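To start, the structure itself, in structure tokens.
The values are calculated or read from the model by the stated rules, or taken from the named source; none is laboratory data. From a predicted model like this one, the values you see are computed outputs, not experimental measurements. Methodologically, a virtual Cβ is constructed for each residue, glycine included, from the backbone with ideal geometry; neighbour enumeration extends over all protein chains shown.
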Amino acid sequence: MDIGVNRVWMNPEASKDIAAALTREDIRKLIEEGKVGKELSKESAEDVPAKSMKRANTGTGKDTAQEAAQRVLEDQRRNNG
């Protein structure tokens, strides 16, 4: 299933079948039957990079886009004038 141990969902009503499973084939059958599966994550993996990128651009010493644009314009004026 390519997930961590903490994300595995097991149907409580099928606990006897799950306990009786000994081989990988038995586990595969339980997955196909829907007795074992993936637990939904709290946030999707697609959201994580966007959040981390947003955080990477903030902090002390960081300019807003408007401040950076003003600084570039001022530098251009100094060089041309």
Worksheet item: Quick one: in the range 22-36, which of the residues that are surrounded by 12 or more Cβ atoms within 10 Å (Cβ to Cβ) and assigned to a helix (DSSP H, G or I) is farthest from the chain's Cα centre (by Cα)?
Response: Asp26
Worksheet, complete the sentence: Taking first residues from the range 1-23 that are under 9 Å from Lys38 (Cα atoms) and second residues anywhere that are in a helix (DSSP H, G or I), the pairs with Cβ under 6 Å that are 6 or more apart or on different chains are Met10/Ile18
Worksheet item: What single numbered condition from (1) under 20 Å from Gly4 (Cβ atoms); (2) part of a helix (DSSP H, G or I); (3) at pLDDT 65 or above; (4) among the small types (Gly, Ala, Ser) fails to hold for Ser52?
Response: (3)
